[in-house]
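The values are calculated or read from the model by the stated rules, or taken from the named source; none is laboratory data. For clarity, every value in this text was computed on a predicted model and none was experimentally measured. When we count neighbours, we look across all protein chains shown, and the Cβ atoms used for this are built from the backbone with ideal geometry, even at glycine.
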Amino acid sequence: MQHKANDNEWSEIIRPKRTWYDINLAELWKYRDLIMIFVRRDFVSVYKQTILGPLWFLLQPLITTIVFTVIFGKIAHISTNNVPSILFYMTGITAWNYFAACITKTSGTFINNSAVFGKVYFPRLTVPVSIVISSLFTFGIQFLFLLCFWLYYYLTGATININSYILLIPVLLLIMALMGLGFGIIISSLTTKYKDLQFLVGFGVQLLMYATPIIYPLSSIPDKYKIFVMLNPMTSIIETFKYSLFNNGSFSWTMLGYSGVFTLIILAIGILLFNKIEQRFIDTI
């Protein structure tokens, strides 16, 4: 695809990539309008032709919270560190939903868009990047819903307080977005050859959720097992998210730094693998 500026000059020349590490991330900025079109498509497609429409964004975390409250709070009597059960579970679920959406939706990038990828050129990374951004809108709606519950419990005398670490929430979102993007595009790249991996994504994300302190506080884990939970890069993110809203729980710059470094490594591996598979995926998909 080429465009002429005049009869003698080309304004743009698109050449095939010669190596798997030939990456041009700056090209994503040139296609920012296309990314926003994909964002709108991803956001609208979630509730289009549904009965309740955008209300599903609120019902999903609410129903999950109620189920967790009954099963883990009322029946299993799992501690929530004196934080109201509904607020404790909803906070973890809200943060986790964003990370899970980034992984599950980007993991189908090549398979779900193979028809478009085979017809027209554009940077393939625009699709997973748009998913991460559109999922952020969903998080925003659910976070505002969470704040309504927080305000109710605060006004009714619950021992919760927002502290200065609330300013870290944009950083936490960035880490979750990049980590979810990294894992998602790795899985997406592998599914071009091993399609059954896509069926394991939902199951794997579910297992990872129970290995993350969402339904239980980190302080409730016995010391001999705590190291394994802390190796989960999502642990420090969820704990920091809760700590910023409750002023209750644990926070560690070291653990948050570990999550950040882990994220950069996974993202780098994902982009390199994605770039390599992109050159020949149409022959295997």
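Observations
- Note on region 106-127: residues that are surrounded by 24 or more Cβ atoms within 10 Å (Cβ to Cβ) and part of a helix (DSSP H, G or I) total 4.
- Among the residues listed as 103, 133, the single one being surrounded by fewer than 22 Cβ atoms within 10 Å (Cβ to Cβ) and modelled with pLDDT of 90 or more: 133
- Taking region 128-146 as the range and being under 21 Å from residue 274 (Cα atoms) and among the aliphatic types (A, V, I, L, M) as the test, the residues that pass are 129, 131, 132, 133.
- For residue 141, the requirement of being closer than 16 Å to residue 101 by Cβ, over 13 Å from the mean Cα position of the chain (by Cα) and of a type in the set (A, V, I, L, M) is met.
- Any hit, region 258-277, residues being surrounded by fewer than 20 Cβ atoms within 10 Å (Cβ to Cβ), charged (D, E, K, R) and touching a Phe, Trp or Tyr at 6+ places or on another chain (Cβ under 8 Å): yes
- Output for region 166-192, where each listed residue is farther than 24 Å from residue 40 by Cβ, surrounded by fewer than 17 Cβ atoms within 10 Å (Cβ to Cβ) and at pLDDT 90 or above: 166, 167, 169, 171
- Residue match in region 162-179 (condition: within 18 Å of residue 81 (Cα to Cα), in contact with a helix residue (DSSP H, G or I) (Cβ under 9 Å, 6 or more places away or on another chain) and of a type outside the set (Ser, Thr, Tyr)): yes
- Test for residue 242: is it closer than 26 Å to residue 165 by Cα, surrounded by 15 or more Cβ atoms within 10 Å (Cβ to Cβ) and basic (Lys, Arg): yes
- Look at region 81-92: where a residue is closer than 12 Å to residue 213 by Cβ and at pLDDT 95 or above and a partner is among the hydroxyl-bearing types (Ser, Thr, Tyr) and part of a helix (DSSP H, G or I), sitting 6+ places away or on another chain with Cβ atoms under 7 Å, you get 89/65; 89/69.
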